[in-house]
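Let me begin by presenting the structure, written as structure tokens, before commenting on it.
The values are calculated or read from the model by the stated rules, or taken from the named source; none is laboratory data. Just so it is clear, the model here is predicted, and its values are computed rather than measured. Positions of Cβ are generated from backbone atoms using ideal geometry, with glycine treated the same way; all protein chains shown enter the neighbour counts. When the accessible area is computed, the model is the full protein with side chains, heavy atoms only, and any ligands, DNA or RNA have been set aside. Shrake-Rupley method; radii C 1.70, N 1.55, O 1.52, S 1.80 Å.
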Amino acid sequence: MTTIRRWNPDGIAAPASHYAHAVLVEGAARWLHLAGQVGTHPDGRVAEGLAAQLDACFANVDAGLASAGMTRGDLVKVTVYLTVNTPEAVATYRARRDVWIGDGPLPAATLLIVAGLASPALLAEVDAYAAN
């Protein structure tokens with residue numbers, strides 16, 4: 001049986017937002033590694049604006065999880081890449097991620113601000129690991 005335990009270790013400052021510092025997976029028979037998911041709709045159109053692209057990224061992660069019979073509760077680690085380096089962009093990311101995660105189990109998370117992605121039209125990319 002797989003167990004996933006999430007916590008914030010003593011001796012580390014509290015998380016800056018809605019995530020866990022540590023996630024331990026024990027007994028996992030199945031691991032899913034999702035490639036970076038960008039802000040495109042299923043028909044290939046790039047969503048307009050950062051919030052819409054983040055929502056599309058998260059929807060694509062959901063689709064990848066579902067294809068493996070997994071849910072957000074199986075997420076172990078999420079890494080988000082943004083090409084916009086403003087306090088507003090970080091706040092938008094945190095708000096959209098918090099809506100997506102909701103009250104479910106918190107994955108470990110990393111946010112990176114990068115110079116660019118595969119296309120200048122892309123403002124965000126999300127990759128994820130899940131286990132069950």
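Some notes on this structure:
- Computed on the chain, with alpha-carbon pairs under 8 angstrom and 6+ residues apart, the relative contact order is 36 percent.
- The apolar share of the surface of the chain, taken as the fraction of accessible area on carbon and sulfur atoms (1.4 Å probe, ligands and nucleic acids excluded), comes to 55 percent.
- For the chain, a simple Cβ point-charge model (Lys and Arg +1, Asp and Glu -1, everything else neutral) yields a dipole of about 200 debye relative to the Cα centre.
- Entry comment: accessible area of the chain is 52 Å² per residue, from protein heavy atoms only and a probe of 1.4 Å.
- HIS33-THR79 pseudo-label distance in nm [points 7 Å out on the Cα-to-Cβ vector]: 1.0
- The computed P(r) over Cα pairs in 5 Å bins from 0, in percent for the structure shown corresponds, within (i) 2, 11, 20, 23, 19, 13, 7, 3, 1, 0; (ii) 2, 10, 16, 17, 17, 14, 10, 6, 4, 2, 1, 1, 0; (iii) 2, 10, 19, 25, 23, 14, 6, 2, 0, to (i).
- If the segment from ARG45 to ALA68 were pulled out straight at 0.36 nm per residue, it would be longer than the present Cα-Cα gap by 5.8 nm.
- Folded to 0 to 90 degrees: helix 87-101 orientation relative to the chain principal axis, Cα: 50
- Total formal charge among the other residues, if their Cβ is under 15 angstrom from that of LEU117, Lys/Arg +1 and Asp/Glu -1: -2
- To the nearest ten degrees, helix 50-67 and the longest principal axis of the Cα atoms of the chain are 40 degrees apart.
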